[in-house]
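Input: a single structure, listed below in structure tokens.
The values are calculated or read from the model by the stated rules, or taken from the named source; none is laboratory data. Bear in mind the structure is a predicted one, so any value in this text is a computation, not a measurement. Neighbour counts run over all protein chains shown; Cβ positions are idealised from the backbone, glycine included. Just so you know, the surface numbers come from the protein's heavy atoms only, side chains and all, with ligands and any DNA or RNA stripped out. Shrake-Rupley method; radii C 1.70, N 1.55, O 1.52, S 1.80 Å.
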Amino acid sequence: MTNEDQFQLATYKKMPIAAERGEGVWIYTSDGERYLDLYGGHAVAGTGHCHPHVVKALRDQSEKLLFYSNLVHSETRARAAEKLVSVGPQELTKAFFCNSGTEANENAM
């Protein structure tokens, strides 16, 4: 039994590999095996693992402010909303940032 098995509720049957790192379309295991990663990572790895532009953007932003609530103004969030609105249909003039998939589904309905 691994520490993860001991301390995490088993909600899914796990594959018999331990992911250690990713690079582009590849995932590497703790045993040194390399696999073509066809899993989208719940849509958070659409650019592949560790894409240099994404890593740089995360590094730059995390050196300023990693997270803060919608209860205060944020220039970064304002720019993101403006960009989303600019690429969406013309009748959609505002963006809403959800806290979870559940909230996203509730608002979509």
- Residue hits (region 58-67; of a type outside the set (A, V, I, L, M, F, W, C) and either within 21 Å of A45 (Cβ to Cβ) or open to solvent by less than 100 Å² (accessible area, probe 1.4 Å) (or both)) are R59, D60, Q61, S62
- Message: Just to verify a result, which residue in region 5-52, among those that are basic (K, R) and touching a strand residue (DSSP E or B) at 6+ places or on another chain (Cβ under 9 Å), is most open to solvent (accessible area, probe 1.4 Å)?
- Response: R34
- Query: If you take the residues of region 68-97 that are loosely packed, with under 10 Cβ neighbours inside 10 Å, of a type in the set (S, T, Y) and assigned to a loop (DSSP other than H, G, I, E, B), which of them is nearest to the chain's Cα centre (by Cα)?
  - Reply: S69
- Query: Which numbered condition trips up L65, out of (1) within 30 Å of E20 (Cβ to Cβ); (2) assigned to a loop (DSSP other than H, G, I, E, B); (3) under 15 Å from the mean Cα position of the chain (by Cα)?
  - Reply: (3)
- Would a scan of region 26-48 turn up a residue that is under 23 Å from S100 (Cα atoms), touching a residue at least 12 places away in the same chain (Cβ under 8 Å) and among the hydrophobic types (A, V, I, L, M, F, W, C)? yes
- Task: Within region 1-36, count every residue that is of a type in the set (A, V, I, L, M, F, W, C), closer than 23 Å to G48 by Cβ and assigned to a loop (DSSP other than H, G, I, E, B).
- Result: 4
